[in-house]
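Undergrad: I have a structure I would like to understand better, so I am pasting it below and will then ask my questions one at a time.
The values are calculated or read from the model by the stated rules, or taken from the named source; none is laboratory data. Just so we're clear, the structure is a prediction, and the values are computed from it rather than from any experiment. All Cβ positions, even for glycine, are placed from backbone atoms using ideal geometry, and neighbour counts span all protein chains on display. Side chains included, ligands, DNA and RNA excluded: accessible areas come from the protein's heavy atoms. Shrake-Rupley method; radii C 1.70, N 1.55, O 1.52, S 1.80 Å.
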Amino acid sequence: MDTVTAVMAGLNDMLVQALGPLGPLIAMGGLGLLLVLAALPFVFKRQADPLDKLKQAATARAAEPGAPALRIGGKKDKLEKYSTFLEPQDEEEFSAIRLKLLQAGYRSKNAVRTFHFAQFALGLSLLCVGVAYALLTSATGEPSTQMLIMSILIPGGIGYYAPKYWITKRLQQRQQEITNGFPDSLDMMLVCVEAGQSLDQSINRVAKEIRAGFPALAEEYDIVSHEVKAGKDKVAVLRDMSERAGVPDVASFVTVLIQSATFGTSVAEALRVYAAEMRDKRVMRAEEKANTLPTKMTLATMMLTVPPLLIILLGPSIYNIVETLGKFKI
């Protein structure tokens, strides 16, 4: 024990003489740095995942001349390594955001990751713009602290919430488009079914016919047709369509078709009744908008009509009163 203490004391004295009073501390820091540098290669060295090897082999085979087109894979997602940071780890939160993006028309498997990256990138970029503006304002004048904070936080908040606002507006527009085109698509589907086509063939034909006017609804019908052809259960396909659309009319239509298939009733009869209900419902929506129009125009009418009317009616009287008071002053 005395020998170890003597060796440590001698080493301490040697470091103090060579490096000064902070010699032992500098030596310990240098030793820690060397250990970190030595451990870095082992930290970054990762064993290759067997699935990654299979993907690379498949990509290499697809790149060969004469390879089938279906085997050619897409480009690797550059945001995949940041998925833990960009994607919610809570399953319910992830499912909710995924469903909202599906209803807005974004069906990519990386849609959630891209959405959060857009929020992060725009928020950070506009926050930097706000900081630059605050520095410029501070250099050219003496703004208040509240003004500086607002000039920094407001652009950052706008950048963060802009993608969410865009998704919400796109979702509303898409649902409105589906709602507007759904009654017409039911009438066309009823004609196809009564002409002898099956429900699957009718959905495929309706998707082609309404693509020019209602592309969102045509896309949903196309997905239903492809999934049925792929062998997926028809009930599950219809429920998925209802969930993707997010429109009450489509959900009711899916319920009618499922009940018709369950109880063995005529699909044509169910379509005829439901199509008539959808037409009546569309007329009721139009009447509702027409009835609310006078209420919405009341404020504009008052602002544009009452002030000119008051000027025309009361202007001469006010002028005469002013002239009379001026004569009395003289």
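Undergrad: Report the FRET efficiency, 1/(1 + (r/R0)^6), for residue 319 and residue 298, where r is their Cβ-Cβ distance and R0 is 25 Å, rounded to 0.05.
TA: 0.20
Undergrad: Residue 284 accessible area, nearest 10 Å², 1.4 Å probe?
TA: Its accessible surface works out to 130 Å², give or take rounding.
Undergrad: Using 0.36 nm times the number of residues separating residue 147 and residue 230, minus their current alpha carbon distance, what extension gain do you get?
TA: Details: separation 83, 0.36 × 83 = 29.88 nm, distance 5.95 nm.
In short, 23.9 nm is gained.
Undergrad: Want the number for residue 99 to residue 133: 0.36 nm per residue separation, take away the alpha-carbon distance, what's left? Display every interim value, and only then the final one.
TA: Working: separation 34, 0.36 × 34 = 12.24 nm, distance 3.79 nm.
Between residue 99 and residue 133, full extension yields 8.5 nm more.
Undergrad: While we're here: Report the net charge of residues surrounding residue 228, where surrounding means a beta-carbon distance below 12 angstrom and charges are Lys +1, Arg +1, Asp -1, Glu -1.
TA: Once all neighbours under 12 Å are counted, the net charge is -2.
Undergrad: What is the sum of charges around residue 107, taking Lys and Arg as +1, Asp and Glu as -1, for the other residues whose C-beta is under 14 Å from the C-beta of residue 107? Could you put the intermediate results ahead of the total?
TA: Working: positive: 98, 100, 109, 113, 170, 174, 244; negative: 219, 220, 222, 227, 240, 243.
Local charge sum for residue 107: +1.
Undergrad: Stretch residue 176-residue 289 to full length: gain in nm at 0.36 nm per residue minus the Cα-Cα span? Mind showing how you got there, number by number?
TA: On the way: separation 113, 0.36 × 113 = 40.68 nm, distance 1.42 nm.
Taking residue 176 through residue 289 to full extension adds about 39.3 nm, to one decimal.
Undergrad: Now for a different question. For residue 282 and residue 91, what does the FRET efficiency come to when R0 = 41 Å and r is the distance between their Cβ atoms, rounded to the nearest 0.05?
TA: E between residue 282 and residue 91, to the nearest 0.05, is 0.60.
Undergrad: Quick one: accessible surface of residue 233, probe radius 1.4 Å, all protein chains present, in square angstrom to the nearest 10.
TA: It works out to around 100 Å².
Undergrad: Accessible area per residue for the stretch 86-187 in Å², computed with a 1.4 Å probe and the full protein assembly in place, what is it?
TA: 60 Å²
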